[in-house]
1. When you go through (1) free of Cβ contacts under 8 Å to residues at least 60 places away in the same chain; (2) surrounded by 15 or more Cβ atoms within 10 Å (Cβ to Cβ); (3) within 16 Å of the ligand (Cβ to nearest atom); (4) not in a helix (DSSP H, G or I) one by one for Gly83, which number turns out not to apply?
2. If I ask for residues that are away from the ligand (no atom under 16 Å from the Cβ) and either open to solvent by 80 Å² or more (accessible area, probe 1.4 Å) or of a type in the set (Lys, Arg) (or both), which ones from segment 38-50 would you list?
3. Which residues, taken from segment 208-237, are open to solvent by 20 Å² or more (accessible area, probe 1.4 Å) and either in a loop (DSSP other than H, G, I, E, B) or of a type in the set (A, V, I, L, M) (or both)?
4. Only one of Asp88, Asp110 is within 26 Å of Cys205 (Cβ to Cβ), acidic (Asp, Glu) and more than 17 Å from the chain's Cα centre (by Cα); which?
5. Any idea which residue in segment 89-104 is least open to solvent (accessible area, probe 1.4 Å), counting only those that are on the phi < 0 side of the Ramachandran plot and part of a loop (DSSP other than H, G, I, E, B)?
6. Quick check on my filter: what residues within segment 161-207 are in contact with a helix residue (DSSP H, G or I) (Cβ under 7 Å, 6 or more places away or on another chain), outside any loop (DSSP other than H, G, I, E, B) and not hydrophobic (A, V, I, L, M, F, W, C)?
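The values are calculated or read from the model by the stated rules, or taken from the named source; none is laboratory data. Everything numeric in this text was worked out from a predicted model, so none of it was measured. Neighbour counts are summed over all protein chains in view; Cβ atoms, including those assigned to glycine, are modelled from backbone coordinates with ideal geometry. Heavy atoms of the whole protein, side chains included, go into the accessibility calculation; ligands, DNA and RNA do not. Shrake-Rupley method; radii C 1.70, N 1.55, O 1.52, S 1.80 Å.
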Amino acid sequence: MVARAVRATDLVDLDGAVADCFACPRLVAWREEVARTRRAAFRDQTYWGRPVPGFGVADARIGILGLAPAAHGGNRTGRIFTGDRSGDVLFAALHRAGLANQPTSVAADDGLALRDTRIFAAVRCAPPDNRPTPAERDTCAPWLRREVALIRPTLRVVVALGAFAWAAWWPTLREVYGVRPPSPRPAFGHGAHWSGTAAPALLGCYHVSQQNTFTGRLTPGMLDDVFARAKQLAGVD
Ligand code: SF4
């Protein structure tokens, strides 16, 4: 699995390879069970039921790092943050920021396109209760590292959605950029910011989960502030 990730020569190659990964038995069983049983509202649909690749442009200056696909979102549609409430919030914000051509993301063939941005997850398969184990996170890390390595020439800032993504960035920083992570690690928080000299800046943002958006812990204005900051750090107009 690691070898296949490392061998990927471009994002198309990487996306194809990751979609064929079976390295985590628990997650493989879960993604396939969800695809088989389906949610009542989607019973007439064929679920993707496989790892979900990153999405966005190859020359991204802004990376958005999420936790993992949602069982009935990315695991259903095959595109990250597509077909669920979290994606509704995220893509509406990206559209307001001028980083997406439309504010909605409902299906892999809905015409959505990003500008200067690529979205990827620390773990590529939907986990039960949205909670991958540390071992699953580590097993999946080569896919993230290779994706970051492939967009490294342009990548200037990474927005970490939630504490899990924030924590997943530090090993990537070390492996891809050869930069020793700060010690102690900067604490995650909404608006937290870390900058090094030889690596992309890291911005913290509360995850766009329903738990955060429905309760008002994360508001559209807070997301707008983060993406305005990300654009500024990345030099995106
Ligand atoms: S979580 Fe990552 S490493 Fe595990 S099976 Fe899915 S794609 Fe493979």
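1. For Gly83, the exception is condition (3).
2. Looking only at segment 38-50, we keep the residues that are away from the ligand (no atom under 16 Å from the Cβ), and these are 38-46.
Arg38, Arg39, Arg43, Asp44, Thr46 - these are the residues of segment 38-50 that are away from the ligand (no atom under 16 Å from the Cβ) and either open to solvent by 80 Å² or more (accessible area, probe 1.4 Å) or of a type in the set (Lys, Arg) (or both).
3. Result: Ser209, Phe214, Thr215, Gly216, Arg217, Thr219, Met222, Ala228, Leu233, Gly235, Asp237.
4. On the way: Asp88 fails: more than 17 Å from the chain's Cα centre (by Cα).
Being within 26 Å of Cys205 (Cβ to Cβ), acidic (Asp, Glu) and more than 17 Å from the chain's Cα centre (by Cα) holds for just one of Asp88, Asp110, which is Asp110.
5. Within segment 89-104, the first condition is being on the phi < 0 side of the Ramachandran plot, and the residues that meet it are 89-97, 99-104.
If we keep only those that are part of a loop (DSSP other than H, G, I, E, B) too, we end up with 97, 99, 101-104.
Values: Ala97: 20, Leu99: 1, Asn101: 85, Gln102: 36, Pro103: 59, Thr104: 68 Å².
Checked segment 89-104; the qualifying residue least open to solvent (accessible area, probe 1.4 Å) is Leu99.
6. Within segment 161-207, Pro171, Thr172, Glu175, Gly204 qualify.
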